[in-house]
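Read the structure below first, then the notes.
The values are calculated or read from the model by the stated rules, or taken from the named source; none is laboratory data. If you're wondering where the values come from, they're calculated on a predicted model, not measured in any experiment. Neighbour counts run over all protein chains shown; Cβ positions are idealised from the backbone, glycine included. For accessibility, only protein heavy atoms count, side chains too; no ligands or nucleic acids. Shrake-Rupley method; radii C 1.70, N 1.55, O 1.52, S 1.80 Å.
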Amino acid sequence: MKQRWTLVSSRGGVLLVVLLLFLGLAAVGSDLDRREGSRGQGEKEYLIPAEHLKPFLCGYEMLAADLLWLETVQYLGKHLLGDQQFPQLLPRLRRIVSLDPNFLDVYRLGAIFLAYSAGQEEEAIRLLQRAAALLPHRWEPAHDLGTLYYLRKKDYAQALYWLNRANALPGRPDYVPRFVARLYASTGERETAVEMWIGIYRQTDLDWVKDIARRELRKLGVYLPQETPR
Amino acid sequence: MRILAVVLNTFKEAVRDRILYSILVFALLMIGGSALLAALSIGQEAKIIQDLGVASISLFGTLIAVFLGIGLVYKEIERRTLYVLLSRPLPRDQFILGKYLGLGLVLLVNVSLMGLFLFLLTRIYLARWPWHLIPVLGFLFLELLVITGVATFFSSFTTPTLSALFTLSLFFIGHFTPDLKVFVARFGGPLTRVLVDLFYYLLPNLRHFHQEQLLLNGLPLEGIVAFQVVLYGLLYVVAILLLAMLLFARRDLK
């Protein structure tokens, strides 16, 4: 008896159709990627606010904050290698710390990129002040505020205030008391700045932060051992 | 002794269920896969592994609690084994309690397995033993016990499909309830407030069991809060099981 023809009678034919469909999908997908990628980089995107996201997260706020941080790292990388503009960095950071207010690295790294890559020192200070208020037992926000006031804002009174606070907290780096002493003596502004940047350089494992420290040290005429003056 | 027999039988039956292994394997893959995702971060590998691992344990534990819990009573009725059991000197309330404890044991074994895997994985990235994970997993287990209680409650008087629907709805509502209270406090009238307050205390507030924002970030959790969370979980389990026993005792099984 003759077998009835069905859509899947010819296995080879079906596989060929599937292959063609995937080729079509790849073509459409890559074209979409190209079109989306060529959109204006400074274009304002809509970020769903944390307070709207929270009720739907069913207790998984920390996981959402981690995923949003990974997305922010991609955003940072794309713009660091691209136009060096970071219009959506601050809203991204705010959203992450609203979901996980204890995510210390987001405050620290976020403030560094805001201050030294995006030129938003005031926003960086506000972000770190929020961290200092929420995590009063951690030395890191006070330390970062101290260095930011000293290196970027040249506000030595504020720098002294925050470094004093960092100095009183457990776990702070060994060089903090030296900075405090120097600030009290009001001596050697350049030397203090150099030591602060070297401290930041040594403290981090992140290449992006090391790059910023290296750049700032070059501005002060200091070249790290592996570098040569141009 | 009779309860123990039901507990062990429920446990053995559950570990023979393929759905349990599918969920467990998927959960372990998710926890292991978190290491790949963590590689995308800049220096937060341990945090991302812990967060994703804990979320996976919570999510897959909930799926185990719901999908095994909903069929607890129904399967026994369908296979007619319930009539054999109840014809022996086994009161209905003990049957429900035994079923619940059996599933609780299954969850304990599963959470321990997933937790051990996460514990060892975190140890590699954190370079020290992550003891802080233990209370986090303890609270998650307590949350799963509450969800199992809810699943047992619905399973005692309705079909598995409806039980799954109701239990999952309560899982979502359980995370919404505090927002509902805030919303009503701002916009609702006096009657609405009373009604919402009533529902707020009747429905489980599952957010209480999520203390990981403090514990996983190395922040201290007050002893009194930890005690109250445990007390809240245990009181809810006892209350919902008593209701389940009451309904099952009055159920016409003919």
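Looking at the stretch A:112-199, which GluC sites (Glu not before Pro) are in a loop (DSSP not H, G, I, E or B) and have at most 12 other Cβ atoms within 10 Å?
Filter output for the stretch A:112-199: empty list.
Could you pull out the longest piece of chain A with no exposed loop chymotrypsin sites (Phe, Trp or Tyr not before Pro) in it, calling a site exposed if DSSP puts it outside H, G, I, E, B and it has at most 10 other Cβ atoms within 10 Å?
Counting only loop sites that pass the neighbour cut-off, the longest clear stretch is A:47-230.
Round to the nearest 10 and give me the degree value, 0 to 90, for the angle of helix B:190-202's Cα axis relative to the longest principal axis of chain B.
90 degrees
Semi-axes, largest first, in whole Å: what does sqrt of 5 times each Cα gyration tensor eigenvalue give for the protein assembly as shown?
Result for the protein assembly as shown: semi-axes of 52, 31, 21 Å.
Cα centroids of the stretch B:110-124 and the stretch A:190-221: how far apart, whole angstrom?
38 Å
Give me the net charge of B:Leu68's neighbourhood, meaning all other residues with Cβ under 14 Å from the Cβ of B:Leu68; Lys, Arg count +1, Asp, Glu -1.
+2
If you roll a 1.4 Å probe over chain A with all protein chains in place, what percent of the accessible area is carbon or sulfur?
Summing carbon and sulfur atoms, their accessible area is 57 percent of the total for chain A.
Given a cut-off of 31 Å, what percent of all Cα-Cα pairs of chain B lie beyond it?
The calculated P(r) of chain B puts 31 percent of pairs beyond 31 Å.
When the dipole is taken about the Cα centre of the stretch B:2-249, and only Lys, Arg (+1) and Asp, Glu (-1) are charged at their Cβ, what size is it in debye, to the nearest 20?
Around 500 debye, computed over the stretch B:2-249.
Putting +1 on Lys and Arg Cβ atoms and -1 on Asp and Glu Cβ atoms, find which of B:Leu118, B:Ile3, B:Gly32 reaches farthest to the positive end of the dipole of the protein assembly as shown.
B:Ile3
Suppose all protein chains stay in the model; what accessible area per residue would a 1.4 Å probe give for chain B, in Å²?
50 Å²
Accessible area of B:Phe154, 1.4 Å probe, to the nearest 10 Å²?
30 Å²
Along Cα→Cβ, 7 Å out, is where each label goes; now give me the distance between the ones at B:Arg193 and A:Leu224 in nm to one decimal.
Calculated label separation equals 6.0 nm.
When chain B is treated as a GNM, springs tying every alpha-carbon pair under 10 Å, which of B:Thr148, B:Thr167, B:Thr122 comes out with the largest mean-square fluctuation?
Highest fluctuation among the options: B:Thr122.
If I fit a long axis through the Cα atoms of helix A:156-167 and take the longest principal axis of the Cα atoms of chain A, what angle between them do I get, 0 to 90°, rounded to 10?
For A:156-167 against chain A, the angle is about 80 degrees.
Just give me a number: lysine pairs in the protein assembly as shown, eight or more positions apart or cross-chain, with C-alpha atoms less than 23 Å apart.
Close lysine pairs found across the protein assembly as shown: 16.
Hey, with R₀ at 51 Å, roughly what FRET efficiency would A:Val14 and B:Arg18 work out to, going by the Cβ-Cβ distance, to 0.05?
So the FRET efficiency works out to roughly 0.95.
For the stretch A:113-137, list residues with backbone N below 20 Å from a point placed 7 Å from the Cα of A:Ala168 toward its Cβ?
Hits in the stretch A:113-137 for A:Ala168 at 20 Å: A:128-137.
In square nanometres and to one decimal, what's the mean projected area of the convex hull around the Cα atoms of the stretch A:12-100?
8.4 nm²
Suppose R0 equals 51 Å; then what is the FRET efficiency for B:Leu105 and A:Arg152 from their Cβ-Cβ distance, rounded to the nearest 0.05?
With R0 = 51 Å, the Cβ-Cβ based efficiency is 0.30.
Roll a 1.4 Å probe over the protein heavy atoms and report the accessible area of A:Arg178 in Å², nearest 10.
Counting only protein heavy atoms, the figure is 120 Å².
In the stretch A:36-129, which trypsin sites (Lys or Arg not before Pro) fall in coil by DSSP and have 16 or fewer other Cβ atoms within 10 Å?
Passing sites in the stretch A:36-129 are A:Arg39, A:Lys44.
Explain nothing, just the number: dipole magnitude of the protein assembly as shown about its Cα centre with +1 on each Lys and Arg Cβ and -1 on each Asp and Glu Cβ, in debye rounded to the nearest 20.
1060 debye
If you fit an axis through the alpha-carbon atoms of helix A:121-134 and take the longest principal axis of the Cα set of chain A, what angle between them do you get, 0 to 90°, nearest 10?
90 degrees
About the Cα centre of the stretch A:12-100, what is the dipole size in debye to 20, counting +1 per Lys and Arg Cβ and -1 per Asp and Glu Cβ, all else neutral?
Approximately 140 debye in magnitude.
Starting from the Cα of B:Arg80, step 7 Å toward the Cβ, then list every residue of the stretch B:228-254 with an amide N under 15 Å from that point.
B:254
What order, most packed first, do the peptides B:20-28, B:55-63 have when packing is the mean number of other Cβ atoms within 10 Å of each residue?
B:55-63, B:20-28
Got a number for the accessible area of B:Leu246? Probe 1.4 Å, square angstrom, nearest 10.
It works out to around 100 Å².
Set the Förster radius R0 to 51 Å, insert the Cβ-Cβ distance between B:Arg250 and B:Leu36 as r into 1/(1 + (r/R0)^6), and round the FRET efficiency to 0.05.
0.45
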